[in-house]
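What follows is calculated from the coordinates using simple rules that are stated; it is not laboratory data. These figures come from a predicted structure and were not determined experimentally. Positions of Cβ are backbone-derived with ideal geometry, glycine not excepted, and every protein chain shown enters the neighbour counts.
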Amino acid sequence: MFLDDLLLIGGCTLLGLCIIVIVLGLAECAHRYDIRVAGRRHTAEKKSGILLNEWLSPSQLLQYRQHGTFDVTGSHSGKRYRIRCERQMNVDELDETGRRTARWCFGPEGDLPLGDIMLAQKLALELDEQGALAVANRGH
């Protein structure tokens, strides 16, 4: 009886150790995957920032480098909008004095780098302001 109990305890201990080894192995694989994904995400963010800078006018680029924002002019109304370096509700509609009158949220679908989102917003407002605002969510 004692030998059977000892074998049962030893088997359970061995099974427990195997489970721990498997879990630790899976955790290590997940960690390596996270590092690779983070590396690719960092590269994509960097490339999108470069592309955005190439599409900004000299005055927009200066404003963006100084403040992390840049202004665009709507293609239909001539209104001024300020695009902020954020993922949501990052487009401010400005009045003649530069005060925010509304916040807008719109952008391309998908989990895109921030520079790509901001570039899409810039082009949408400058080329098809009415279409962009037709699909946008408005805040206060």
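When each of Tyr81, Tyr64 is scored by the number of other beta-carbon atoms lying within 10 Å, the sequence from fewest to most is Tyr64, Tyr81.
As a proxy for reagent exposure, Lys79, Lys47 were ordered by neighbouring Cβ count within 10 angstrom, fewest first; the result is Lys47, Lys79. Summing +1 for each Lys or Arg and -1 for each Asp or Glu among the other residues whose beta-carbon sits under 13 angstrom from that of Ser57 gives -1. Ranking of Glu96, Glu129 by neighbouring Cβ atoms within 10 Å, starting from the fewest: Glu96, Glu129. Annotation: lysines with alpha-carbon distance below 25 angstrom to Lys79 (same-chain offsets under eight excluded): Lys122. Once the Cβ-Cβ distance of Ala120 and His140 is raised to the sixth power relative to R0 = 22 Å, the FRET efficiency obtained is 0.40. For Arg65 and Leu127, a Förster radius of 35 Å and the Cβ-Cβ distance give a FRET efficiency of 0.90, rounded to the nearest 0.05. Sequentially through region 103-108, phi angles give Karplus couplings (6.51, -1.76, 1.60; θ = phi - 60°) of 10, 10, 10, 7, x, x Hz, Gly and Pro residues having no value and appearing as x. Full extension of the chain between Arg80 and Arg40 gives 10.9 nm of extra length, using 0.36 nm per residue less the Cα-Cα distance.
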